[in-house]
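One structure is given here, and the rest of the page talks about it.
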Amino acid sequence: MSNGKESTAAAAGLRGVVAAQSSIGDVNGEQGILIYEGYNIHDLAEHSTFEEVIFLLWNGRLPKRDELQELTSKIRANYQVPGEVIEMMKTFPKKADPMDVLRTAVSSLDFYDPDGHGTDREAAMDAAVKMTAQIGTIVAAWEHVRNGREPVAPDSNLSIAENFLYMLRGQKAEQDEVHIFDVCLILHADHELNASTFTTRVVAGTLAGMYGAVTAGIAALAGPLHGGANTNVMKMLLEIGDPSKIDAFIDKALAEKRKIMGIGHAVYKTEDPRATWLRRYSKQMADKKGEQKWFDMSQRIEKLMHEKKGMFPNVDFYSASTYYLMGIPLDLFTPIFAVSRISGWTGHILEQYGNNKLIRPRAEYIGPRDLIYTPVDERK
C-alpha cells in the first residue's frame with residue numbers, strides 16, 4: 001500500500017473479502033445453501049409468499065397474520081405510480097433499454113415523496129414500501145408505452161405477482177402461473193453482497209436517501225455480468241434453435257473459450273439451490289404450453305457442461321425458458337429481477353442505516369512513484 005507497509009495483493013473482484021456484517025442473507029457456496037434470515041430458500045419457496053419474504057427481509061422475522069395484512073395493504077395502496085412519471089416515460093425513445101427506463105423512472109419517484117430523503121427507520125421504511133409497490137407498475141407500464149398503448153392500471157386487490165402479470169398482459173393470469181411467478185420473486189429476492197446489493201449499501205452508507213441507493217442498485221444490475229444472464233440464456237437457446245445443434249454449439253463455444261450463460265456461479269461450487277426450483281417450473285411451463293423444446297435443450301446443455309466442465313446451472317439458466325413460456329419479452333427479464341431484488345436491496349439499506357459506517361475501502365496502488373513534472377514542450 002502507499003503507506004509503505006508490505007504489500008498484500010488485492011483479491012480480484014473482492015472475492016472472499018468480508019465487507020459487511022448482515023443478518024439478511026447467507027450463501028454457502030460449497031454446500032449449495034441459501035438462507036434468508038435463517039430460513040432455507042427451499043422452505044420459503046415451498047411454503048411462503050413474496051409478501052411474507054419482504055416482511056422477513058425488512059424485519060428479521062416472519063410476520064404474524066395481522067402484520068402481513070398490514071404490510072400487504074400498504075403495498076397494494078401504493079401500486080399506482082405518480083401520473084407525472086408515466087407521462088415522462090411517454091417522452092422516452094421507444095427503443096430505450098427497459099433497464100435504463102426503470103433506472104430513470106425509479107429515480108424520478110423521489111420527486112413525489114416529500115420524506116424520500118429520510119434515513120430514519122420510519123421514513124426509510126415508507127420509501128421502501130412505495131418503491132416495492134411501484135417498481136412492477138413501472139416495468140409493466142413501459143411494455144405498453146413503448147408499443148403505443150396506455151398502461152394497464154394496477155389492481156389493489158391482487159398480490160404483487162398476480163398484479164404484475166395482470167398489468168403486463170391486460171388480463172388476469174391463471175393461478176398456476178401466478179404461483180410460479182410468486183416463487184420466482186422469492187428466489188430472486190436476496191443473495192447476500194452481490195454487486196447490486198453491495199452498491200446500494202455503499203450509497204446508503206453515505207446517508208444518501210433510499211431512492212438514490214436503489215437507483216444505483218438498478219444501474220449495477222443492468223450490467224450483463226449481473227442481471228442480464230437469463231436474457232442471454234434465452235438468446236443462446238434461440239440462436240441454437242434446434243436440439244440437434246446443441247453438441248456442436250457447446251464444443252465450438254468451449255473451444256473459443258466463450259462463456260455459456262447461466263452455467264456456473266461466482267459463489268456456488270455445486271448446484272445453485274434456486275436452479276432446482278426453476279428447473280421444475282421450466283418443465284411445468286413446457287408441459288402446460290405443449291412446447292418441450294426449450295426445456296429439453298436446456299437439460300442437454302446442463303448435462304454437457306457438467307460432463308465437460310464440472311459446472312452447474314445457476315438461477316438464470318432455467319428462469320429464461322420459464323419466463324419465455326410465460327410470454328414475457330426477453331428484455332424484461334432483468335427488470336423483473338429488479339421487481340424481486342428491490343426487497344433485498346431495501347432490506348440491506350434499512351440494515352445499513354440502522355448501524356451505519358461510511359464504506360471506504362483502500363486500493364492497492366500499483367502505479368509509478370517519484371516522477372518529476374516536466375513542462376509540456378519538453379515532454380518526449
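The values are calculated or read from the model by the stated rules, or taken from the named source; none is laboratory data. Computed from a predicted model, the values in this text were never measured in an experiment. Here the Cβ is made from the backbone with ideal geometry for all residues, glycine too, and neighbour counts use every protein chain on show. When the accessible area is computed, the model is the full protein with side chains, heavy atoms only, and any ligands, DNA or RNA have been set aside. Shrake-Rupley method; radii C 1.70, N 1.55, O 1.52, S 1.80 Å.
Remarks
- For region 87-157, the Stokes-Einstein estimate of translational diffusion at 25 °C and a viscosity of 0.890 mPa s comes to 186 µm²/s, using the Kirkwood hydrodynamic radius over alpha-carbon pairs.
- Using every pair of separate Cα atoms, the Kirkwood estimate puts the hydrodynamic radius of region 240-380 at 19.0 angstrom.
- Restricting the calculation to Cα atoms, region 38-78 shows an Rg/Rh of 0.98 when the hydrodynamic-style radius is the Kirkwood one.
- Between region 203-241 and region 308-349, the Cα center-to-center distance that results, in Å: 10 Å
- Rg of the Cα atoms in the chain, relative to 2.2 N^0.38 Å, amounts to 1.05.
- For region 104-121, Karplus couplings with θ = phi - 60° (6.51, -1.76, 1.60), whole Hz, Gly/Pro x: 5, 5, 5, 4, 6, 4, 4, 4, 9, 10, x, 10, x, 8, x, 10, 6, 4
- Whole-Hz couplings from phi, Karplus 6.51/-1.76/1.60, listed for region 25-41; x for Gly and Pro: x, 9, 10, 9, x, 6, 9, x, 10, 10, 10, 10, 6, x, 9, 5, 4
- Whole-Hz couplings from phi, Karplus 6.51/-1.76/1.60, listed for region 250-264; x for Gly and Pro: 5, 4, 5, 4, 5, 5, 8, 6, 7, 6, 8, 5, x, 10, x
- Solvent-free Debye scattering, log10 I(q)/I(0), computed from the Cα coordinates of region 307-380 at q = 0.23, 0.28 Å⁻¹: -1.07, -1.22
- In this structure the chain gives 48 Å² per residue of accessible area when probed at 1.4 Å with all protein chains present.
- Signed unit charges on C-beta, dipole axis of region 246-380, positive-most listed residue 328, 376, 290: 290
- Solvent accessible area, Å² - residue 198, 1.4 Å probe, full protein context: 50 Å²
- The chain - mean residue ellipticity at 222 nm from DSSP helices (-39,500 (n - 2.57) per run, n ≥ 4, rounded to 500): -17500 deg cm²/dmol
- Rolling a 1.4 Å probe over the protein heavy atoms of the chain, with every protein chain left in place, gives an accessible area that is 51 percent carbon and sulfur.
- Eigen-decomposition of the gyration tensor built on the alpha-carbon atoms of region 121-267 gives equivalent ellipsoid semi-axes of 32, 24, 14 angstrom, largest listed first.
- Under 5 Å between amide hydrogens, built in the peptide plane, is the criterion, and for residue 25 it picks out 37, 192 among residues at least 5 positions away or on other chains.
- Built amide H within the under 5 Å cut-off of residue 269, gap 5+: 30, 32
- Backbone amide hydrogens, once placed in the peptide plane, bring residue 263 within less than 5 Å of 314, excluding anything fewer than 5 places away on its chain.
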